[in-house]
Amino acid sequence: MNNEERTKYPPQRGVTRREFLNFCGVVAGALGLGPSFGSRIYEAFAADARPPILWLHFAECTGCTESALRTTSPWFDELILDKVSLDYHQTLMAAAGETVESILFNSAAANAGKFSCVVEGAIPTANGGVYGMVGGRTMLSIANEVCPKAKAILALGNCASFGGLPAALPNPTGAKGVKAALGAALTVPVVNIPGCPPNPVNFVGTLANYLLFGKLPALDSLGRPLFAYGKTVHDQCPNKAAGLKYKCLKPVGCKGRR
């Protein structure tokens, strides 16, 4: 490794400033921004302020966390743990028990209106939510206490966005996505980042948009970021642009070119 100038936070992990700027350029491209925004995204992630995040796990397989953990340039710990204060995450926290659960609710109360809430997994709602419990409390009651205090909610994955596999018929647990489970009374904006698992760049891009502009990205009718979900594979198929010479293969099962 050469002596190239490094960012102020990941030198011990061997990530150079150039490598991190390249990553920020990729995020800028994902957001549909010009190349000049790469440096601005870098500045946003390199800022001293560390916005708090509470990451809730409900009815899920932890695949969304597994996907996020595999982000590179920078690595997940460099991006999330150093630049954002990840106050609660069941999978990544070493501690356990009542003390950890108290951290969740105390942090939500202390940072009301300031923290972002990442929700992974559907929320069982049938019979008062008794089919999903964490720390002796229903997932539904935890969501009802924590989510309304957030500044924004990121529903990560199909399950948190729209119910996913836990909501498959006959759905005896009444599993629902975050917005459907908490109902119209929820006034906090919800961003759905679907996928099984979702592309981590979509999650990082949404987070970068929030840090850079102080607001969430533009959303489609399903609450998904337009920069990531505005076009389908079918919309961008080169066969479609070629006209009748190469007819669309969707009717015979095409799921997109590889």
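Laboratory data are not the source of any read-out in this text; all were calculated from the coordinates shown. Everything numeric here is computed off the predicted structure, so don't read it as measured data. When we count neighbours, we look across all protein chains shown, and the Cβ atoms used for this are built from the backbone with ideal geometry, even at glycine.
Some observations on this one:
- Net charge of the neighbourhood of C159, taken over other residues with C-beta under 9 Å away and scored Lys/Arg +1, Asp/Glu -1, is -2.
- Here each label is just a point 7 Å from Cα along the line to Cβ, and for N199 and T72 those points are 1.7 nm apart.
- Residue order, fewest to most surrounding Cβ atoms within 10 angstrom, among C237, C117, C64: C237, C117, C64
- Estimated FRET transfer efficiency (T187, C254; beta-carbon r; R0 35 Å; 0.05): 0.25
- Relative exposure of T91, T187, judged by other C-beta atoms within 10 Å (fewest first): T187, T91
- When the charge dipole of the range 50-227 is built from unit charges on Cβ atoms (+1 for Lys and Arg, -1 for Asp and Glu) and taken about the Cα centre, the candidate among T138, L56, T206 whose Cα reaches farthest toward its positive end is T206.
- Dipole size of the range 92-238 about its Cα centre, with +1 on Lys/Arg Cβ and -1 on Asp/Glu Cβ: approximately 280 debye, rounded to the nearest 20.
- In order along the range 93-102, phi translates into HN-Hα couplings of 6, 7, 6, 7, x, 4, 4, 5, 5, 5 Hz, rounded to whole numbers, per the Karplus curve 6.51 cos²θ - 1.76 cosθ + 1.60 with θ = phi - 60° and x for Gly and Pro.
- Order of E98, E120 under a 10 Å beta carbon neighbour criterion, fewest first: E98, E120
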